[in-house]
Amino acid sequence: MWNRILKVLSNKRVMLRFGITLAIIAVMRFLSYVTVPLFDTESITAFIQSSGSFIAILNNFSGQALSRFSVMALGISPYITASIAIQLLQMVIPSFKEWSEQGDTGKRKLNQITRYIAIGLAFIQGFALIIGISVNGSVIIPSIEASVVTQYRYFFYFYMALVIAGGTAIAIFLADLITKKGVGNGTSMLIVAGIVTSLPSMWTTVWDKYIANPATDSFFNYVWFVVIILIYVGVLLGVVFMQAAVRKIPVQYANRQGKSDSNIPMKINSSGVIPVIFAQTLLSIPLTIVGLATQDGTTSLTNWISSIFTYNQPIGFILYVILIVVFSFFYAFLMVNPHKISNNLSKGNAYVPGVRPGEDTKDYIAKLLFKITVIGTTYLVVLAVMPIITALIFGFNATEAQAITLGGTSLLIIVGVALQTTEQLETDANQETYSGLFS
């Protein structure tokens with residue numbers, strides 16, 4: 001392991017790309033502290049605390065930039081939403097599907113459309129967010145609020161939404177810059193950079209709860225503190241194992257003699273974190289709409305919607321698990337297409353040993369993918385519900401539960417991106433070594 005690390009560290013070009021990535025992330029973090037002009041930041045704190053988990057997810061992905069209502073308040077999140085929408089639309093719009101199969105030219109067209117949709121979404125989300133916050137009072141700084149005529153207030157909101165959309169455009173540019181000049185996938189790196197900034201807050205909250213300012217002075221406070229650390233480390237190791245786990249399908253080529261080492265690797269969790277994000281988003285949207293539309297949260301309609309769509313409640317919890325299962329299977333078969341794999345094997349004069357080419361190969365891969373997805377979905381469900389269960393076991397209040405997340409999507413994203421980035425660093429270092437032999 002140490003030899004692999006030294007090989008990466010001794011490669012000047014790889015370290016330069018790594019340095020560029022860190023510099024771009026530093027720029028992103030700096031911009032996350034630049035607040036939107038004219039906005040009264042005191043109004044956002046109470047809004048986040050009273051809103052659903054959808055706002056908390058956005059705040060977490062933006063590296064707490066939303067809680068400061070900076071120009072990076074939405075960050076790269078609208079681009080992720082647009083990318084998922086484009087992937088789904090490929091099943092409905094024939095031209096999108098054709099572009100996805102046209103190589104680099106088609107990908108450039110899809111990326112361009114994705115960027116346009118992302119910036120449009122950023123403006124719409126930013127404007128809706130400002131309108132929602134203004135329900136509980138003005139969002140314009142007091143020094144200007146007194147001189148603003150009521151009917152012209154929306155021009156200021158329009159201007160703020162444009163600034164937020166511009167911040168998303170900058171985030172997309174920085175993500176592309178990391179992908180081209182830096183290390184790893186730029187979008188993923190910016191998300192991880194935002195999530196990692198929340199980790200110190202998590203451990204500070206744990207320390208304050210059990211060590212610095214405990215509710216009761218007891219020896220068990222130290223025991224619970226150690227238990228939480230052990231659970232976090234255990235979950236982290238489990239996530240690393242599951243993210244790296246693959247099921248290899250052996251492949252034999254008809255024009256090659258002897259045993260072949262070729263295989264098709266299928267990840268146990270082929271759908272990644274998308275099903276959990278989809279489930280959280282769908283459950284949180286009704287809660288967010290109700291929160292934006294009503295100032296009084298004690299109405300019977302609000303209570304009824306909260307009991308159904310809050311996944312801390314029994315009905316919401318069951319619905320949350322069902323949505324994760326449905327989206328996991330849907331997205332797994334969307335990302336891994338058995339029919340396409342079977343056709344590619346036939347075109348390459350290859351086959352799976354013991355399985356007839358064509359329809360039988362497609363059925364074999366589909367059945368195997370289903371079995372793997374059952375394992376992956378179970379893993380996703382356990383990881384997604386862990387923060388809910390641990391919050392109940394340890395008695396976290398609402399504020400502590402938002403900060404202390406044992407499991408959940410954040411850890412899954414961090415580990416996935418870390419493994420992907422490590423593989424790319426090693427690959428780049430090895431390429432430099434091989435090219436040096438012939439230079």
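The values are calculated or read from the model by the stated rules, or taken from the named source; none is laboratory data. In this text the structure is predicted, and so the values were computed from the model without any measurement. Neighbour counts are summed over all protein chains in view; Cβ atoms, including those assigned to glycine, are modelled from backbone coordinates with ideal geometry.
Structural remarks
- Flag if Leu121 is farther than 24 Å from Ile25 by Cα, modelled with pLDDT of 80 or more and not β-branched (Val, Ile, Thr): no
- Only one of Val251, Val276 that is surrounded by fewer than 19 Cβ atoms within 10 Å (Cβ to Cβ) and modelled with pLDDT of 75 or more: Val251
- Of the residues making up the stretch 221-267, those that are among the hydrophobic types (A, V, I, L, M, F, W, C), under 26 Å from the mean Cα position of the chain (by Cα) and under 30 Å from Ile211 (Cβ atoms) number 10.
- Look at (1) touching a Pro at 6+ places or on another chain (Cβ under 7 Å); (2) under 29 Å from Ile5 (Cα atoms); (3) among the hydroxyl-bearing types (Ser, Thr, Tyr) and you find that Thr405 fails only one, number (2).
To keep it simple, each residue is scored yes or no on (1) modelled with pLDDT under 85; (2) more than 20 Å from the chain's Cα centre (by Cα).
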site: Arg29; (1), (2): no, no
site: Pro37; (1), (2): no, yes
site: Glu42; (1), (2): yes, yes
site: Ile55; (1), (2): yes, no
site: Phe61; (1), (2): yes, no
site: Gln64; (1), (2): yes, no
site: Gln87; (1), (2): yes, no
site: Met91; (1), (2): yes, yes
site: Leu110; (1), (2): no, yes
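- Among the numbered conditions (1) of a type in the set (D, E, K, R); (2) closer than 25 Å to Ile277 by Cβ; (3) out of contact with any Lys or Arg (no Cβ under 9 Å at 6 or more places or on another chain), the only one that Lys371 does not meet is (3).
- Residue among Thr378, Thr361 that alone is part of a helix (DSSP H, G or I) and either within 22 Å of Asn255 (Cβ to Cβ) or among the acidic types (Asp, Glu) (or both): Thr361
- If the condition is being surrounded by 14 or more Cβ atoms within 10 Å (Cβ to Cβ) and farther than 14 Å from Pro286 by Cα, then the stretch 307-322 contributes Asn312, Gln313, Phe317, Val321.
- For the stretch 169-190, the criterion of being among the hydroxyl-bearing types (Ser, Thr, Tyr), exposed (fewer than 14 other Cβ atoms within 10 Å of the Cβ) and more than 14 Å from Ile404 (Cβ to Cβ) is satisfied by no residue at all.
- Residue count for the stretch 165-183, restricted to those that are in contact (Cβ under 8 Å) with a residue 40 or more places away in the chain and either under 23 Å from Arg68 (Cα atoms) or under 15 Å from the mean Cα position of the chain (by Cα) (or both): 10
- Verdict on Lys347 being among the basic types (Lys, Arg) and within 18 Å of Lys267 (Cα to Cα): no
- From the options Val233, Val226, residue that is under 14 Å from Thr405 (Cα atoms) and in a helix (DSSP H, G or I): Val233
- Residues in the stretch 312-352 that are closer than 16 Å to Lys367 by Cβ and part of a loop (DSSP other than H, G, I, E, B) were compared, and the one that is farthest from the chain's Cα centre (by Cα) is Val352.
- Whichever residue in the stretch 401-421 is part of a helix (DSSP H, G or I) and among the small types (Gly, Ala, Ser) and, among such residues, is nearest to the chain's Cα centre (by Cα): Ser410
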